[in-house]
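Computed from the coordinates by the stated procedures, all read-outs in this text should not be read as laboratory data. Please read all numbers here as calculations on a predicted model, not as lab measurements. In this analysis, Cβ positions are derived from the backbone assuming ideal geometry, glycine residues included, and neighbour counts consider all displayed protein chains.
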């Protein structure tokens, strides 16, 4: 009976599972806040015609510092968009496009927009999520935080001690 239930569960999972789809993938999938990082974008061409350009747009708070890619591709970029063109990516092939990003934003998640463009006017859009990690803090910022936390700790200890002393005096008097 258990085998039949397990087999049914596996079969249901296989039938209901969404088909895996390739998409534009960022490596690494993170950048550091207030730092410049290099991200590689792997772009598979799943259409049955060659891809003729690739475009990446970054959100507010992220800037493109530089862009480069496969040797045959020509790249132009601004602080918000990089465009590769002048070459062809064959069907079922993949290419890696590189952007150097300056994340001038708070830690969290940001989403780049990637577009694969084709000679028939077709465009396939892919959201590319990146995690923005906290940046390095200066030692003086760490010392300030430690001082504040230490002061709060001392105040809590003094308050608890005062309450205990007051309670003891009340117990002796009564």
Inset, instruction - Mind sorting 94, 79, 53, 43 by how few other Cβ atoms lie within 10 Å of their own Cβ, fewest first? - result: 79, 94, 53, 43
Inset, instruction - Would you kindly calculate the translational diffusion coefficient of region 24-98, applying Stokes-Einstein with the Kirkwood radius from alpha carbon pairs, for 25 °C and a viscosity of 0.890 mPa s, and quote it in µm² s⁻¹ without decimals? - result: 189
Legend entry - Neighbour-count order for 54, 77, fewest beta carbons within 10 angstrom listed first: 77, 54
Legend entry - Two-site label geometry, residue 65 and residue 93: point separation in nm, points 7 Å out along Cα→Cβ: 3.1
Legend entry - Pairwise label distance in nanometres, residue 125 with residue 48, each label 7 Å out on the Cα-Cβ vector: 2.6
Legend entry - residue 85-residue 35 FRET efficiency (beta carbon distance; Förster radius 30 Å; 0.05 resolution): 0.55
Inset, instruction - Using the number of other C-beta atoms within 10 angstrom as an exposure proxy, rank 102, 42 with the fewest first. - result: 42, 102
Legend entry - Distance (nanometres) between label positions extended 7 Å along Cα→Cβ at residue 136 and residue 113: 3.5
